[in-house]
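Where a number appears in this text, it was derived from the coordinates with a stated rule and is not lab data. Computed from a predicted structure; not experimentally measured. Cβ atoms come from the backbone with ideal geometry, glycine included; neighbour counts cover every protein chain shown.
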Amino acid sequence: MPSLHDAGLRPAQPASSGLPVEMAFRLGEIPDGLSDPREAEDDDDMVRRAQLRMLADIAARVDSQFLGAVERIRRRMDDALVGGTVSSSMLDQWEETAAGYGSQYMTVPPMRLLCDVLLEIGDVRRMCEHRQPLDFSERLCRLAGQLAGLAGMLMIDVGQQRMARSFFRTARTAADETGDRHLRAWVAVREALVPLYYGDPSEACALARTGAGLAGRNMCVAAAMAPALEARALARVAARRGGPAKLQGLRRVPALLDQAHDALARLAPPERGDTAFGYTERQLLFHEGDTLVTLGHGQGAERAFTRALRLYSADEILDRSLATLGLAQCRLAAGEPEEALRLSRDTVLSVPREHRSEIMVRAARSLGDSVAGRHGEFRAVREYREALVSA
C-alpha cells in the first residue's frame, strides 16, 4: 500500500483543543480558522487518509477527527456561497464528474463515495471564493447544490443525520443562488428522507409537500418523487397514531402513489434512469412497497418489492437490500416470523461489509423489534440479534 507521502499528503496537524469535535462545534472553536487555506488543505488530506484506510481495511470506521473535517469542508462551502476565474471546460468536467458520482450512488460503498464527493466540494468551494462571470457563478452554485445534496444523501446512509441536515442546508443555500426551482425542489424532497428515517414522519410530509410546491406544474424529478415520499411518510404517521390518522392515510396514499406513477411516466428518459439526481421506476416500486407494508397491505407490498427487485441490477446493493428487507416485513405480516428473520439475516450477512450502511442495519434491527413485539423474545429473535451484532 502506498505511504501518505506517496499519496501527496502531509502529516495531520495536532488538534488545537483537547475537546471532542462535537463539543468544539458547540463552543465555536472550530469555525474560527475556516478561512485559513492551510487548514482547508489539512481537512482535504484527512479525507484522503480516510480513503487510504478504507482501501487497506474495508471495515475501517470514521472517527471524530474525520467528522470534524467533514463539517469544516461543508462550512467553508457555506462561507464561499454567501460571500465567485474558472474555465468553461473545467465546469464541463466538474458537471460530468458530479453526474458520474450520481450514477455511482447505488453501487459504490457510501463512505468511499462520500470521500470523493467531499474532495470535489473542496475544489468547487475554492472556485466559489473568486468572482466569476454570472453564468459561471450559477453553474458553480448548481454544482455545489448537487454535490452537497449528494453528500447529505450519503450521510443518511451512514447514519449521520445531523450532518445530513447540515449538508442539505448548504444545498438549499446553493440552489437558492441559482434560482432553479427544479433543483430547489429536488433538494427539499431529498431532505425529506432525513426525518423519514431518523425523525418525525410529519416533518417528512411537510418537506415532501414543499418540494412538490416548488416543482409546481413543471414536470421534473421532484414532481414524481415528492408524492411517493409523502405517501411513505403518511404511512408512518398512520402506523404510529392509528385511529383517524390511519384512516386518513389509507384514503390519501393511493392517490399519491397514482400521482407519482403518472409523473414518472412523463419524465424525460435521462431523468428516469438516474438514481441520485433523477427518479427511476425501480425506486418508485421500492417506495410503493415500503408504503404498503407499513400500512399492513402485505400482498400489495410484496408485489411491488418483487417487481422492484427484478429491475435493480445486482450491483445496486443498498436499494436491493432494503427492498429484500421489505419482503421480510411482508413475511412477518403474513404470520411467518421465523422466515422473516431468516430472510433479513441472510440479506444483511450477504452484503459486503463496506456496503453494510447504518440505514440497512437499522432496517434489520427494526424488523427484529417488530417480531419481538408481536411474538415475544423467542430463541430465533435472540439468535437474529446476535447475528446483527456480529455483522
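The table below gives the values:
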quantity	calculated
Selection from 388, 50, 355 lying farthest towards where the dipole of the chain points positive, charges on Cβ	388
Mean ellipticity per residue at 222 nm, deg cm²/dmol - from DSSP H runs of n ≥ 4 across the chain, formula -39500 (n - 2.57)	-24500 deg cm²/dmol
Segment 200-310: equivalent-ellipsoid semi-axes (sqrt of 5 x gyration tensor eigenvalues, Cα, Å)	22, 17, 10
Approximate shape of segment 313-391 as ellipsoid semi-axes (Cα gyration tensor, √5λ), whole Å, largest first	21, 14, 9
Lys/Arg +1, Asp/Glu -1 at C-beta; the chain dipole; positive extreme among 160, 340, 284	340
Listed peptides 87-93, 109-115, 226-232, 289-295 by packing density, highest first (mean Cβ within 10 Å)	226-232, 289-295, 109-115, 87-93
Dipole axis of the chain (+1 Lys, Arg; -1 Asp, Glu on Cβ), positive-most option in 80, 300, 91	300
Listed values (1) 32, 28, 26; (2) 36, 26, 18; (3) 33, 27, 21, entry calculated as semi-axes √(5λ) of the Cα gyration tensor in Å	(2)
Electrostatic dipole magnitude of the chain [Cβ: Lys, Arg +1; Asp, Glu -1; Cα centre; debye, to 20]	1380 debye
In sequence order, calculated HN-Hα J values of segment 204-221 (Karplus, 6.51, -1.76, 1.60; Hz; x Gly/Pro)	4, 4, 5, 5, 4, 5, 4, x, 5, x, 5, 5, x, 8, 6, 7, 8, 4
Only Lys, Arg (+1) and Asp, Glu (-1) charged, at Cβ; segment 200-310 dipole about Cα centre in debye	280 debye
